[in-house]
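The values are calculated or read from the model by the stated rules, or taken from the named source; none is laboratory data. All values derive from a computational prediction rather than experimental measurement. Don't worry about glycine lacking a Cβ; one is built from the backbone with ideal geometry, like all the others, and counts go over all protein chains shown. Surface accessibility is based on the protein's heavy atoms, side chains included, excluding ligands, DNA and RNA. Shrake-Rupley method; radii C 1.70, N 1.55, O 1.52, S 1.80 Å.
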Amino acid sequence: MTLLGGLTPAQFMRDYWHKKPLLIRQAIPGFTPLLSRDELFGMAANEEVESRLITHFDQHWQMDSGPLEELPSPDEPDWTLLVQGANLHNDGADALLQQFRFLPDARLDDLMISYASAGGGVGPHFDSYDVFLLQAHGHRHWKIGAQDDLTLVEVAPLKILENFQPEQEFTLEPGDMLYLPPNYAHDGVAVDECMTYSIGFRAPSYQELGEAFTEFLADTLELPGRYADPDCEPTERPAELNDTMVTDITRQLNAIRFDKEDVSVFLGEYLTEPKLNVYFDPPTEPLEEDEFASLAAEQGLRLDRKTRMLYRGMDLFINGLSFAVTPADSRLLVALADHRCLAGNMLQDASADLADAFYTWYVDGWLHLDQGTVT
């Protein structure tokens, strides 16, 4: 694969993924930005888009969160605009992100665009996840290094390393790409006006997962009965939390159990749950169900770029919801999840329940008739 510098995905995963950096010259030869500067600035002003402005004027770091109606002049040095989730709002960005689906969708997060004027950057830092840094426009000079000292500057709006010790450095031009494993220190500074596309991966902390799983269990938890103490005796220490109550309730709470299936359903729902700033655009004049079914059989279906879809066994997960499906419907849903589209002639095998689900998802804006570019 040109994308991986001639390596196959298997070779890349074996030798580099989560292990060491990889510099790939001309990973995408002749690459040009998917959005113009003005289009990117317009996206940053949209309240549905997560964006940040980072400046380093007079050696002072400052970060402002979007929507960003006004930005410094491109001629003014030392500032950076970060636009998160560009793939949710632009077909070209979404198509670029799909090129990295040799990795599981459960790990793939989003495509962030970093625009910087000359001298712009976010300071030496590290990420807790794997990242591919594709140069889209201009030139960015990178310094990278493996270091154990990840101490951060105490008073700063960004997570900037206090003792950055670079080991390698190189300048990327359009089409070049740098892969970095988690916790690998790096600092990228714009040589001139430039754009860098960051393909990032989800790596939730176990603390985050534990808190979310506890909430998930609470929705289905059933502990019958109520605390009672028929043998309670008079006390001269009324404020004491007695051992009888603690022991009884400990025994009851220890009865809470979960298994691999519970964790699977939790993960499927958790990993497909849209982020808080994600909104779907339903059709303004939705087709009637029979007309939709007829056109779907001709044109096929395509998932909206904002839709997240996973599966495991006979369980299907889409945008935070889960369904148990039949083996016949599972075949169609697996194809839809893996390819993000379905040919029209495949829909004849859908059950009535699945056909109803497709229509509901269409009305909700989760999928569309496959007419080419999804708007």
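Of note:
- Taken across the stretch 299-310, residues that are farther than 14 Å from Tyr362 by Cα, open to solvent by less than 40 Å² (accessible area, probe 1.4 Å), among the aliphatic types (A, V, I, L, M) and not in a loop (DSSP other than H, G, I, E, B) do occur, with at least one present.
- Of all residues in the stretch 256-284, those that are under 30 Å from Gln84 (Cα atoms), assigned to a loop (DSSP other than H, G, I, E, B) and out of contact with any helix residue (DSSP H, G or I) (no Cβ under 8 Å at 6 or more places or on another chain) total 8.
- Criterion applied to Arg312, Arg302, Arg308 was being touching a His at 6+ places or on another chain (Cβ under 7 Å), touching a residue at least 24 places away in the same chain (Cβ under 8 Å) and basic (Lys, Arg), and the one residue passing it is Arg302.
- The single condition among (1) open to solvent by 60 Å² or more (accessible area, probe 1.4 Å); (2) within 19 Å of Gly119 (Cα to Cα); (3) charged (D, E, K, R); (4) modelled with pLDDT of 95 or more that Asp192 does not satisfy is (1).
- Residue within the stretch 206-216 that is assigned to a loop (DSSP other than H, G, I, E, B) and either in contact with a Ser or Thr (Cβ under 7 Å, 6 or more places away or on another chain) or open to solvent by 60 Å² or more (accessible area, probe 1.4 Å) (or both) present: no
- Evaluation of Leu241 against (1) surrounded by 16 or more Cβ atoms within 10 Å (Cβ to Cβ); (2) in a loop (DSSP other than H, G, I, E, B) (one fails), failing number: (1)
- Residue that is modelled with the highest pLDDT [pool: residues in the stretch 134-146 that are of a type in the set (A, V, I, L, M, F, W, C) and either open to solvent by 10 Å² or more (accessible area, probe 1.4 Å) or within 15 Å of Ala203 (Cβ to Cβ) (or both)]: Trp142
- Applying a threshold of 9 Å to beta carbon distances and a minimum spacing of six or more residues, or different chains, the list of pairs starting in the stretch 232-248 at a residue that is hydroxyl-bearing (Ser, Thr, Tyr) and ending at one that is assigned to a loop (DSSP other than H, G, I, E, B) reads Thr235/Asn242; Thr244/Asp229; Thr244/Asp231; Thr244/Cys232.
- Index of the failed condition, Gly5 passing every other in (1) under 26 Å from Phe170 (Cα atoms); (2) in contact (Cβ under 8 Å) with a residue 40 or more places away in the chain; (3) in contact with a Leu (Cβ under 8 Å, 6 or more places away or on another chain); (4) surrounded by fewer than 19 Cβ atoms within 10 Å (Cβ to Cβ): (2)
- Search result, residues across the stretch 65-117 that are closer than 17 Å to Met195 by Cβ, open to solvent by less than 40 Å² (accessible area, probe 1.4 Å) and of a type in the set (A, V, I, L, M): Leu68, Leu81, Leu82, Val83, Ala86, Ala93, Leu96, Leu97, Leu111, Met112, Ile113, Ala116
- Close pairs (8 angstrom Cβ cut-off, 6 or more residues apart or separate chains): within 14 Å of Asp130 (Cα to Cα) and touching a residue at least 60 places away in the same chain (Cβ under 8 Å) in the stretch 94-109, open to solvent by 40 Å² or more (accessible area, probe 1.4 Å) and aromatic (Phe, Trp, Tyr) anywhere: Asp109/Tyr129
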